[in-house]
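One structure below.
The values are calculated or read from the model by the stated rules, or taken from the named source; none is laboratory data. From a predicted model like this one, the values you see are computed outputs, not experimental measurements. Because the Cβ atoms are built from the backbone with ideal geometry, glycine has one as well, and the counts that use them run over all protein chains shown.
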Amino acid sequence: MTQSPERIVLPDDLRPADGRFGSGPSKVRAEAVADLAAGAGQLLGTSHRQDRVKHLVRRIREGVADLLSLPEGYEVLVGNGGTTAFWDAAIHCLVDRRSQHAVFGEFSGKFADAASSAPHLDEPLRVEAPYGTRPVLTGDESADVIALTHNETSTGVQAEIRRPAGSAPDALVVVDATSAAGGLRVDASEFDVYYFAPQKCLASEGGLWIATFSPAAIERLDRLTASRYCPAFLHLGIALENSLKDQTYNTPAIATLFLTVHTLDWILENGGLEFAASRCDESARILYGWADASSYACAFVEDPEERSHTVATIDFAESVEAATVASVLRRNGILDVESYRKLGRNQLRVALYPAIDPGDVESLTRAVDHVVEELRK
Ligand SMILES: *Cc1c(COP(=O)(O)O)cnc(C)c1O
């Protein structure tokens, strides 16, 4: 007789201190929530045009510049709508005629699709790789934007951020870093625009986009918006103008700003990107090490170099149903380790973002082993 999944109760010593392993929205640190609550009376429900909130926007701009060691002349822009809104903004304000996309999962594919449906642009170039691997992108003279994704959240593959050889000299490298920024190392000289939303590595809420702009990217947006129509909400020139005044074009979620600043301060006070990336490395070592040694689990991404240190995907043998394991874990307070819906694999997906304690990743591996053992009884 097999054990009924509903009956499985995790022993206390196998429970992580915090059970949130979702890839986005992801764990928000309890310290940040407590500090938000403590200061709420002076902050939540106050004007976003006054100093207290403007100060938060400024700290995001300065903190991100610090975190990524941005060169002189780069600006950090902040706007509403999350990464998905930024794709549309980029299509209006950064792509002149044609973009080239490294496509290796759902998110990188979505940006390429959005560019493809824009009537004012030529058909984008796609360099594709099977899910679970990453493409090698060689430059194409006809592309004026090169769209890279630092970490494919849907598959758990991380890429290397490099200006591809052979591209047009004035092509902009525009990087979706939504599940990478603040968790993976990057060299700022290799990109023009590095954009993300703070509900992943930065342990905040959704709804905001943050983007770094090189002088060349600012020049491009100035030139394009001077000569073509752009809806105000997607107008990166308006976003820049507001960001320089430490504001956003329309009303932001103040809690999101606060929590973003809180995580940035925590990372910067502890040593910056190297501190955060090292925590992700440690969690990745624990999780992939466990999978490599397991009789029923293995990393979905074959090449160890390509395995993400911020979002891990773990395949299960046919004899173990990952969805059942995830639902038992959920009933026991371990949340959001289900596989990415559209990938449709028998796997778990586990976030390894900086806010997630490597010790909790260790507990998670033991909890999974326990559940699988119980299910086999
Ligand atoms: C989560 C994610 C997005 C979508 O972000 P939203 O803020 O929900 O629009 C885009 N790209 C990547 C790589 C992501 O991980």
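Worth pointing out:
- Region 199-223 - residue that is farther than 17 Å from V33 by Cβ and polar (S, T, N, Q) and, of those, surrounded by the most Cβ atoms within 10 Å (Cβ to Cβ): T212
- Some residue of region 94-112 being touching a residue at least 24 places away in the same chain (Cβ under 8 Å), under 18 Å from V311 (Cα atoms), touching a helix residue (DSSP H, G or I) at 6+ places or on another chain (Cβ under 9 Å) and not hydrophobic (A, V, I, L, M, F, W, C): yes
- Region 61-80 - residue that is assigned to a helix (DSSP H, G or I) and aliphatic (A, V, I, L, M) and, of those, surrounded by the most Cβ atoms within 10 Å (Cβ to Cβ): V64
- When residues in region 266-298 are screened for being small (G, A, S) and part of a helix (DSSP H, G or I), 8 of them pass.
- Matching entry among T225, T263, T256 (being polar (S, T, N, Q), part of a helix (DSSP H, G or I) and farther than 17 Å from G82 by Cβ): T225
- Per-region count, region 322-345, residues within 23 Å of the chain's Cα centre (by Cα) and touching a residue at least 24 places away in the same chain (Cβ under 8 Å): 9
- With respect to the conditions (1) more than 19 Å from the chain's Cα centre (by Cα); (2) surrounded by fewer than 19 Cβ atoms within 10 Å (Cβ to Cβ); (3) within 15 Å of the ligand (Cβ to nearest atom); (4) not β-branched (V, I, T), A115 falls short on a single one, namely (2).
- Selection of region 239-252 for residues being surrounded by fewer than 17 Cβ atoms within 10 Å (Cβ to Cβ) and either touching a Leu at 6+ places or on another chain (Cβ under 7 Å) or charged (D, E, K, R) (or both) yields E241, K245.
- Whichever residue in region 81-111 is crowded, with 22+ Cβ neighbours inside 10 Å and of a type in the set (G, A, S) and, among such residues, is farthest from the ligand (Cβ to nearest atom): S99
- Restricting G132, G156 to residues that are farther than 22 Å from F213 by Cα and crowded, with 24+ Cβ neighbours inside 10 Å narrows the list to G156.
- Of the set (1) modelled with pLDDT under 95; (2) more than 22 Å from A216 (Cα to Cα), all apply to E152 but (1).
- Test for V57: is it within 16 Å of the ligand (Cβ to nearest atom), among the aliphatic types (A, V, I, L, M) and either crowded, with 21+ Cβ neighbours inside 10 Å or closer than 13 Å to T256 by Cα (or both): no
Conditions (1) of a type in the set (G, A, S); (2) closer than 19 Å to S99 by Cβ; (3) within 16 Å of the ligand (Cβ to nearest atom), marked per residue:
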residue: P135; (1), (2), (3): no, yes, yes
residue: A143; (1), (2), (3): yes, yes, no
residue: V157; (1), (2), (3): no, no, yes
residue: V186; (1), (2), (3): no, no, yes
residue: E190; (1), (2), (3): no, yes, no
residue: P198; (1), (2), (3): no, no, yes
residue: S214; (1), (2), (3): yes, yes, no
residue: S227; (1), (2), (3): yes, yes, no
residue: A239; (1), (2), (3): yes, no, yes
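- Residues of region 200-212 satisfying the condition of being within 15 Å of the ligand (Cβ to nearest atom) and assigned to a strand (DSSP E or B): L208, W209, I210, A211
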